[in-house]
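> This is the structure, below, for whatever I ask next.
Only the coordinates and a few stated rules stand behind these numbers; no lab work does. This one's a predicted model, so the numbers in the text were calculated from it and none came from an experiment. Because the Cβ atoms are built from the backbone with ideal geometry, glycine has one as well, and the counts that use them run over all protein chains shown.
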Amino acid sequence: MLQELIGKRSNKVKNQVERGMVKKFAEAIGDPNPIFIDEDIGKQSVYGQNIAPPTFPRVFDYGELTGLELPKKGLIHGEQNYHYSRPLLIGETVYCYTELSDYYEKKGMLFVVMKGHGETLEEETIFTSEQIIIITETVRKGMKS
Amino acid sequence: MKQLNVLKNSDTLEKITLAPVSRIDLIKYADASGDFNPIHTIDEEAEKAGLPGIIAHGMWTMGNLSKLFTPYYEDGFIQDYKVRFRGMVFLNDVITLQATVEEINERRIDFKVVATNQDGKEVIKGNVLFAKYNDGC
């Protein structure tokens, strides 16, 4: 069912690393450090700007992957990876898309590997992410085949 | 800002123990992240999913874990952050965050990172590759 979707990508979506959202996110993970929030500290930092926490890309819109319909409930988040070429800067624009990179079966469960990409307008990669979603046998029975 | 250049193999960063997980923590994370899966905030939905109660977003714990490195962003940045979610985090769990140096050279420090609950069970396990900016470090 998912086999033919491997390698398919969503359309790129324009996202902004918004100051307010970064502040809210940093507070929600209990890390309201001035490097994320305080404008003066940001300017004086090696980045010349405030940065976003490494798990911030969770908030971005990666577009829709046509044809990919995962169950809305009962999914287990198995693994999560981020790879950065540099931290995300507040105020910058990031173009994001997602890709089904792999899909396999193990002990009756399905493992779905989704990749995320964040790029500049010039298509330079800022970060990539990988998420492994586990679909248990019970949830799987409710899926369309 | 703290300095990383004094670290050596097997050293640990200052560990952090979080306040007991509260519903408001998870509501705030849902709002900040846009992940409104109700098993993280609504008891009935968690029970319907066969859980004893609401569970924390794995990404909430992963987000918290990254703060061990926040004091060091003047010296470098997190180039790779990989975790495996190994156990569920429930309301009132007390989570401890730790990072241990596995390998170190002039360019990077590899850390093993772990979040454990009050019973010492690992809920998240993973690795951080911290890339250093080189100016006499």
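> Please list, in chain and number order, the residues 5+ apart from residue B:11 or on another chain whose amide H is under 5 Å from its amide H, with Hs placed from the backbone.
It is B:101, by chain and number.
> Among the listed pairs A:72/B:67; B:15/B:121; A:107/B:28; A:12/B:132; A:106/A:141; B:28/B:125, which have their C-alpha atoms separated by more than 27 angstrom in this model?
Long pairs (Cα-Cα over 27 Å): A:72/B:67; A:107/B:28; A:12/B:132.
> Here is a follow-up. Between residue B:106 and residue A:18, what's the calculated FRET efficiency when r is the beta-carbon distance and R0 is 41 Å? Round to 0.05.
With R0 = 41 Å, the Cβ-Cβ based efficiency is 0.70.
> Which value, in debye to the nearest 20, describes the size of the charge dipole of chain B about its Cα centre when Lys and Arg Cβ atoms bear +1, Asp and Glu Cβ atoms bear -1, and nothing else is charged?
260
> What ranking, highest mean first, results for peptides B:115-126, B:54-65 when packing means the other Cβ atoms within 10 Å averaged over each residue?
B:54-65, B:115-126
> Could you give the size of the charge dipole of the stretch A:41-116 about its Cα centre, using +1 on the Cβ of each K and R and -1 on the Cβ of each D and E, expressed in debye and rounded to the nearest 20?
Magnitude of the dipole: close to 280 debye.
> In the stretch A:63-121, with Lys and Arg counted as +1 and Asp and Glu as -1 at Cβ, which of these residues, A:68, A:109, A:97, has the Cα nearest the positive end of the dipole, that is, farthest along it?
It is A:109, whose Cα lies furthest towards the positive end.
> Other chains' Cβ within 10 Å of B:21-28 residues: what's the mean?
Whole-number average of other-chain Cβ neighbours for B:21-28 is 1.
> About the Cα centre of the protein assembly as shown, how large is the charge dipole given +1 on each Lys and Arg Cβ and -1 on each Asp and Glu Cβ? Please answer in debye to the nearest 20.
600
> Here's a follow-up. Calculate one ³J(HN,Hα) per residue across the stretch A:122-133 by plugging θ = phi - 60° into the Karplus curve 6.51 cos²θ - 1.76 cosθ + 1.60, and present them in order as whole Hz with x for glycine and proline.
3J(HN,Hα) across the stretch A:122-133, in whole Hz: 7, 6, 7, 6, 8, 8, 10, 9, 9, 10, 9, 10.
> Continuing with this model, one more query. Would you list which aspartates and glutamates come within 16 Å of residue A:23, measuring only between C-alpha atoms, while excluding same-chain residues fewer than 8 positions from it?
Of all the aspartates and glutamates, those that pass the test against residue A:23 - Cα under 16 Å, at least 8 places apart if same chain - are A:31, A:38, A:39, A:40, A:92, B:25, B:31.
> When Cβ neighbours within 10 Å are restricted to other protein chains, what is their mean count per residue of peptide A:71-79?
Mean inter-chain Cβ contacts per residue within 10 Å come to 4.
> Moving on to the next point. Could you tell me how many degrees, from 0 to 90 and to the nearest 10, lie between the Cα long axis of helix A:19-28 and the main elongation axis, the longest principal axis, of the Cα atoms of chain A?
Helix A:19-28 sits at roughly 70 degrees to that axis.
> Just tell me which aspartates and glutamates come within less than 20 Å, Cα to Cα, of residue B:8; anything on the same chain fewer than 8 places away is out.
Once the sequence-local aspartates and glutamates are set aside, what remains near residue B:8 is B:74, B:75, B:80, B:102, B:103, B:106, B:110, B:135.
> To continue, here is another question. Contact order normalised by length for the stretch B:16-132, with contacts defined as Cα pairs under 8 Å and 6 or more residues apart; what percent is it?
Averaging sequence separation for qualifying contacts and normalising by length gives 27 percent for the stretch B:16-132.
> Now a separate question. What average number of partner chain Cβ atoms lie no more than 10 Å from the Cβ of the residues making up A:81-92?
For this peptide, the per-residue mean of nearby foreign Cβ atoms is 3.
> Positive end of the dipole of chain B, charges at C-beta (+1 Lys, Arg; -1 Asp, Glu), about the Cα centre: which of B:126, B:109, B:32 has its Cα farthest in that direction?
B:109
> May I ask for the angle, rounded to the nearest 10°, between helix B:23-33 and the longest principal axis of chain B, with both axes built from Cα atoms and the value confined to 0 to 90°?
70
> Report, in whole Å, the centroid distance computed from the Cα atoms of the stretch B:52-111 and the stretch A:91-138.
Comparing the Cα centres of the stretch B:52-111 and the stretch A:91-138, I get a distance of 20 Å.
> Report, by chain and number, residues whose modeled amide H sits under 5 Å from the one on residue B:42, excluding near sequence neighbours (fewer than 5 apart, same chain).
Those lying under 5 Å, H to H, from residue B:42: there are none.
> Now for a different question. Compute the longest continuous run of chain A that contains no exposed trypsin sites (Lys or Arg not before Pro); treat a site as exposed when its DSSP state is not H, G, I, E or B and it has at most 10 other Cβ atoms within 10 Å.
A:1-71
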